[in-house]
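Asker: Mind having a look at this structure? Questions to follow.
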Amino acid sequence: MKIKVAAVLSIALISVFTLSPLAYAADETTVEHQIPQSFITGGTAQNFHEDDEFFEYTLPFPFTFYGKTYNKIWVTSNSSVAFSDQPDEGYDDNMDNYEMDITDNTDGIKRILVNDADMDTYNGDFPNDDIYIDSNSSRFVVRWENTFLGSSIRVNSELVLYPNGNFQLNYGDNPDQFSQPVTVGITDGTGNYTASILNGLNNSEGEFNNPQSLYWGEVTESRASANVKTFKKDTRCLWKKPYSPTWIKLQSSQKEGKAGMLLTWTQYGADKVNIKIDDGTGNFPWQISNVSNDGSEFLQGVQSWQKIKLQPINHCKTGEYGEAVSNSLFPDGWYNIK
């Protein structure tokens, strides 16, 4: 069931900013996950060729949003939806169909902003411009094929609601460039909001011409079995084991009035080195760990007879300690000629 309601055109400034890769909703349990694209398409056209209007639609299941359960939804031509069980909760005055400033929404209306901007669904050059709905007991899908007002720039986006209160934003191919930033995120209408990682972006450099999906909610095992997965940190160690040092040299030196040895070396395939220093008994009780592999380190207090050994580290892979070298044994430097 749908009820079309006229709305008054208003213009609001867009807040242009982006957040971190994972956006947390107001209750800090609903998380925005970037997932592989899952654009559904299809649905039943609502023959809603309008600008600055919206209609009410009965949901196939109760949907809880910001702690309140709703049985119906309000769908706008601007790629956003709003929630209320009472059609007279100020919609004629407060639900003006314009692009939202998500940071300053205090009209009391809860919204999911999918790709919110000043759009319409009545461009005569594009007969497929419309709002499409696919509704069943397992999901409720709203798909917008709409156009920036007064232009031929089209945007393709979807909202999917699930009975557990989670939802998903899907974006299709959007090759047309547009410079106007769009609003993406959620707001409770009282000043609380969560902006998506896409909020405030435009398509001037193809930011939205990257088919993608954003899943808001906990990714459960059932969702994973439906080929919806979060991206996790790759913890594998794929770095190669580093080679032995190519060249080591120790020279008597001073630094800030302190005597010691200036150690220089050449080490390929490593980002850090460990340096061990002997005590003259064949033991190496002193170590300087995780020194940057920049080829130079001043060793305060080390004398010409003391030997040092280098161990290369290539991120997660550690090499073997190399030859024990001292200034007395190799005054001109030690070279690995193997």
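Asker: His33's amide H: which non-local residues (gap 5+, or another chain) put their own amide H closer than 5 Å, with H modeled 1.01 Å from N in plane and none for Pro or chain starts?
Answerer: HN-HN under 5 Å from His33: Tyr215, Trp216, Gly217.
Asker: In 10 Å bins starting at 0, how do the alpha-carbon pair distances of the stretch 291-338 split up by percent?
Answerer: Reading the bins upward from 0: 21, 51, 25, 2.
Asker: Where does each of 132-145, 251-264, 104-117, 38-51 land if you order them by average Cβ count within 10 Å, highest first?
Answerer: In decreasing order of mean packing, 132-145, 251-264, 104-117, 38-51 become 104-117, 132-145, 38-51, 251-264.
Asker: Between Rg and the Kirkwood Rh of the stretch 247-335, both from Cα atoms, what is the Rg to Rh ratio? Mind dumping the intermediate values first?
Answerer: On the way: Rg = 12.3 Å, Rh = 13.0 Å.
With Rg and the Kirkwood Rh in hand, the quotient comes to 0.94.
Asker: Going through the cross-link list Lys272/Lys307; Lys241/Lys272; Lys249/Lys276; Lys240/Lys307; Lys272/Lys317, which pairs have a Cα-Cα distance over 18 Å in this structure?
Answerer: Lys272/Lys307; Lys240/Lys307
Asker: May I ask you to derive the FRET efficiency for Phe126 and Thr246 from their Cβ-Cβ distance with R0 = 56 Å, giving the value to the nearest 0.05? Please list the in-between numbers first.
Answerer: Numbers: r = 65 Å, r/R0 = 1.16.
E between Phe126 and Thr246, to the nearest 0.05, is 0.30.
Asker: Could I ask something else about it? Kindly identify the stretch 127-172 as rounded, prolate or oblate by the Cα gyration tensor criterion: order the square roots of the eigenvalues as a ≥ b ≥ c, call it rounded if a/c is under 1.5, otherwise compare a/b with b/c, prolate if a/b is larger, else oblate.
Answerer: It is prolate, given that a/c is not under 1.5 and a/b is the larger ratio.
Laboratory data are not the source of any read-out in this text; all were calculated from the coordinates shown. From a predicted model like this one, the values you see are computed outputs, not experimental measurements. Note that each Cβ is placed from the backbone with ideal geometry, even for glycine, and that neighbours are counted across all protein chains shown.
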